[in-house]
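Engineer: Have a look at this one.
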């Protein structure tokens, strides 16, 4: 089993849990709930915001798995070898998790998520690069927003947590899309306006 990179003291308000991460939480919930699942597996519990909402505000059967015992997941285990049968959950999700593994293990992690999911896999990954964004609100009209990344492929250096990030040299977005497409159809692929570091993917797996 993998060794945790951080303990629960990492998840402090204002440092780990900053404004943009709450935007990310919204999109995590939005994309998973949009699939209308009866059951959800979350790999990597973090500070439990996603899981707490699912458990307290829906009738969805929620299961969490993590390598870190002090985060109190429902099941101890690694995304590289999930201790569940095929198609055990309607949706399997992993938010800001897979970059904590060497890129050589990315395919294996995706294969495991797709194996245990019945319909969809929802993930987010860090996407490096300067963001240009515009927001305009005119009275009585809907707010208009647009944003885009400026390619800036600097070399990534392991910082004790992230082995790689989209947009760094050697990890272009087209490579990530190609690897995801091996396991199903990418139905959604976007960066939230208020959380420019997090890139979301919604994958309809091939056995559906």
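Bear in mind that the values in this text are calculations on the coordinates, not laboratory data. Given the structure is predicted, the values throughout are model-derived calculations rather than measurements. Every residue, glycine as well, gets a Cβ built from its backbone with ideal geometry; the counts of neighbours run over all protein chains shown.
Engineer: How would you rank 50, 148, going from fewest to most other Cβ atoms within 10 Å of each one's own Cβ?
Structural biologist: Taking fewest neighbouring Cβ atoms as first place, the list is 148, 50.
Engineer: Within 10 Å of each residue's Cβ, count the other Cβ atoms and sort 144, 131 from fewest upward.
Structural biologist: The fewest-first ordering by Cβ neighbours comes to 144, 131.
Engineer: Here is a further query. I want the antiparallel fraction of DSSP beta bridges within the chain, as a percent rounded to 5. Kindly include the intermediate steps, with their values, before the conclusion.
Structural biologist: Details: 20 of 38 bridges.
In the chain, DSSP labels about 55 percent of beta bridges as antiparallel.
Engineer: Using a Förster distance of 30 Å, how high is the FRET efficiency between residue 141 and residue 87, based on the Cβ-Cβ distance and rounded to 0.05? Before the final figure, lay out the partial values.
Structural biologist: Details: r = 45 Å, r/R0 = 1.51.
The value I calculate is 0.10.
Engineer: Between residue 189 and residue 33, with labels modelled 7 Å along Cα→Cβ, what's the label distance in nm to one decimal, could you check?
Structural biologist: Result for the modelled spin labels: 2.7 nm.
Engineer: Still on this structure, please answer the following. Which whole-number value in Å³ per residue fits the convex hull of the alpha carbons of region 8-205?
Structural biologist: Considering the Cα atoms of region 8-205, their hull volume per residue is 135 Å³.
Engineer: Taking the Cβ of each residue in 31, 99, 187 as the centre, tally the other Cβ atoms inside 10 Å and list the residues starting with the fewest.
Structural biologist: 187, 99, 31
Engineer: For region 91-208, give me the percentage of DSSP beta bridges that are antiparallel, rounded to the nearest 5 percent.
Structural biologist: Working: 19 of 25 bridges.
The antiparallel proportion sits near 75 percent.
Engineer: Something else now. May I ask you to derive the FRET efficiency for residue 154 and residue 23 from their Cβ-Cβ distance with R0 = 22 Å, giving the value to the nearest 0.05? Walk me through the numbers before you get to the answer.
Structural biologist: Values: r = 25 Å, r/R0 = 1.12.
Given R0 = 22 Å and the Cβ-Cβ separation, E is 0.35.
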